[in-house]
Amino acid sequence: MRILVTGASGLLGLNLSLQMTPAHDIIGVDRSKLTGVPFRLMNADLLEPGACSRLMDSLRPEAVIHTAANALVDACENDPLGAHRLNAELPGELAEICFKRGIRLIHISTDAVFDGTKDGFYTEADVPNPLSVYAQTKLVGERNVLSVNPQAIVARVNFFGWSLSGSRSLVEFFFNHLSAGKTCNGFTDVWFCPMFVGDLAETLVRMLEKGLSGLYHAVGSESRTKYDFGVQVARQFGFDESLIVPISVEQAGLQARRSHNLRLSVHKLSTDLGAAIPGLSAGLPKFYAQYRQGYPQKIRSYQQ
Ligand SMILES: NC(=O)c1ccc[n+]([C@@H]2O[C@H](COP(=O)([O-])OP(=O)(O)OC[C@H]3O[C@@H](n4cnc5c(N)ncnc54)[C@H](OP(=O)(O)O)[C@@H]3O)[C@@H](O)[C@H]2O)c1
């Protein structure tokens, strides 16, 4: 399948593009950050007028996976208009462009759309109530996509993996501190369902191949607190888990409000795919295997 991936330099976009190459013909779109990647690369600022239609008309992909966003939760609080443009308006415009050309679309959204007050796992039928600018703009983005393109997939995700900068993801936060023997905080009152980015890449491709459409929760099938996630990382790598200081997210002084419960049910996804969805216990050993194989260095070598 010829798949165009936006945000190809990002945590998800880069891992996804690397993993899907060469089984699929991947075209990554970035803003001149990448070099030497084993997939085709196009430079574009997606917010430039006409950029998205030009890409679709010249490259004619069969599918687009739209990962580009402002995914920095606290940065969005300081730039609500910019976050709205990128996270809310652009996805709707892209969805319409894809719909008119018969190009399949997966739009990547977030588990953060919920306020966390539910006792248990959120399903696709639950009503979101975003607490931050980031989450608000992502929710409007979801709605904009589905209102113009009912064939699109909107996937609410949460994932972990190695990044271009070496410091983009929560798992790298724990790895960087613990491997240097430094203490770090772990939230004991935020629950989530992290999925290894490689498992997410496979899941997204299966969703395309199955011809799914509409809203899906595409997260790991096991829930943990962020503190416990750190402990699992420490155990996997043989680091000292006592370096992780258990604290409440409220003590961390973060700018944007955070939900305490980011647990999403994957029942709909697993039923429609006819397959079990991997959780942390399956994903973490794969993340560790990448480390043993020098993947973090390899991924950083793609930075211009
Ligand atoms: N990270 C998580 O744990 C998490 C959790 C839930 C949901 N998500 C969602 O997953 C998706 C991917 O997140 P991520 O963590 O991979 O993000 P990321 O690492 O911050 O990457 C964002 C990407 O978007 C690109 N981008 C931003 N503005 C652009 C523009 N105007 N034109 C072209 N490209 C642009 C960036 O390019 P530059 O490198 O040039 O800036 C970068 O490649 C997002 O939709 C996010 O909301 C992420």
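Nothing in this text is a laboratory measurement; each read-out follows from the coordinates by a stated rule. Keep in mind it's a predicted model, so treat the numbers as computed, not measured. Neighbour counts are summed over all protein chains in view; Cβ atoms, including those assigned to glycine, are modelled from backbone coordinates with ideal geometry.
Got at least one residue in the range 39-48 being within 14 Å of the ligand (Cβ to nearest atom), of a type in the set (Asp, Glu) and either in a loop (DSSP other than H, G, I, E, B) or more than 21 Å from the chain's Cα centre (by Cα) (or both)?
The answer is yes, given that some residue of the range 39-48 is within 14 Å of the ligand (Cβ to nearest atom), of a type in the set (Asp, Glu) and either in a loop (DSSP other than H, G, I, E, B) or more than 21 Å from the chain's Cα centre (by Cα) (or both).
Name the single residue, out of those in the range 23-38 being near the ligand (Cβ under 10 Å from one of its atoms) and small (Gly, Ala, Ser), that is nearest to residue 197 (Cα to Cα).
Checked the range 23-38; the qualifying residue nearest to residue 197 (Cα to Cα) is 28.
I'd like the residue in the range 6-22 that is closer than 22 Å to residue 58 by Cα and assigned to a loop (DSSP other than H, G, I, E, B) and, out of all such residues, is farthest from the ligand (Cβ to nearest atom).
That would be 22.
Taking the condition surrounded by 20 or more Cβ atoms within 10 Å (Cβ to Cβ), in contact (Cβ under 8 Å) with a residue 24 or more places away in the chain, at negative phi and in a loop (DSSP other than H, G, I, E, B), does residue 230 pass?
no
Mind telling me which of the residues 163, 147, 167, 132 ends up being free of Cβ contacts under 8 Å to residues at least 40 places away in the same chain and either touching a Ser or Thr at 6+ places or on another chain (Cβ under 9 Å) or small (Gly, Ala, Ser) (or both)?
Matching residue, one of 163, 147, 167, 132: 167.
Just name the residue that is farthest from the ligand (Cβ to nearest atom) out of those in the range 105-121 that are surrounded by fewer than 22 Cβ atoms within 10 Å (Cβ to Cβ) and on the phi < 0 side of the Ramachandran plot.
My answer is 119.
Every residue in the range 275-304 that is free of Cβ contacts under 8 Å to residues at least 24 places away in the same chain and of a type outside the set (Lys, Arg), please.
Once the filter is applied, which keeps residues that are free of Cβ contacts under 8 Å to residues at least 24 places away in the same chain and of a type outside the set (Lys, Arg), the range 275-304 yields 289, 293, 294, 297.
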